[in-house]
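Trainee: I am attaching a structure below and will ask some questions about it afterwards.
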Amino acid sequence: MRGLLALSSPLLILLALLVLLQRRGVDRIPALPALLIGTGLLVTSAVGRRRRRRELLAALRHDGDV
């Protein structure tokens with residue numbers, strides 16, 4: 001299940017890009033929310049992962065001082 005969730009954001013972005021490449025003019029607008037949401041999910045995931053790694057490293061360094 002996690003693997004499918006991990007692929008959902010990139011697939012959403014890919015789908016939006018395919019629609020943007022195929023359509024012209026005003027017909028492209030419906031693909032923008034999917035592109036923005038997929039990008040937002042990827043950025044949020046990367047920021048959260050970076051924060052958790054930083055916290056883990058700080059905890060490991062703190063435990064090593066004791």
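The values are calculated or read from the model by the stated rules, or taken from the named source; none is laboratory data. Please read all numbers here as calculations on a predicted model, not as lab measurements. Every residue, glycine among them, receives a Cβ derived from its backbone with ideal geometry; neighbour counts consider all protein chains shown. These area figures cover heavy atoms from the full protein model, side chains too; ligands, DNA and RNA do not enter into them. Shrake-Rupley method; radii C 1.70, N 1.55, O 1.52, S 1.80 Å.
Trainee: Hey, if you put +1 on the Cβ of every Lys and Arg and -1 on every Asp and Glu Cβ in region 1-64, which of LEU20, THR44, ALA34 ends up farthest toward the positive end of that dipole?
Mentor: Value: THR44.
Trainee: Could you do me a favour and compute the accessible area per residue for region 1-64, 1.4 Å probe, result in Å²? Write down the numbers at each step before the final one.
Mentor: Details: 5500 Å² over 64 residues.
On a per-residue basis, region 1-64 sits at 86 Å².
Trainee: Work out the length of the dipole vector of region 1-64 about its Cα centre, built from +1 on the beta-carbon of each Lys and Arg and -1 on the beta-carbon of each Asp and Glu, and round it to the nearest 20 debye.
Mentor: Numbers: 11 positive and 3 negative charges, 35 e Å.
Roughly 160 debye, rounded to the nearest 20.
Trainee: Heavy atoms only, probe 1.4 Å: what % of the accessible area of region 1-64 goes to carbon and sulfur, would you let me know?
Mentor: Values: 3740 of 5500 Å².
Taking all protein chains in place, region 1-64 shows 68 percent carbon and sulfur surface.
Trainee: Helix 2-22 against the longest principal axis of the chain: what's the angle in degrees, Cα atoms only, rounded to the nearest 10?
Mentor: 30
Trainee: Helix 31-65 sits at what angle to the longest principal axis of the chain, using alpha carbons and giving 0 to 90 degrees rounded to 10?
Mentor: With both axes taken from Cα atoms, the answer is about 10 degrees.
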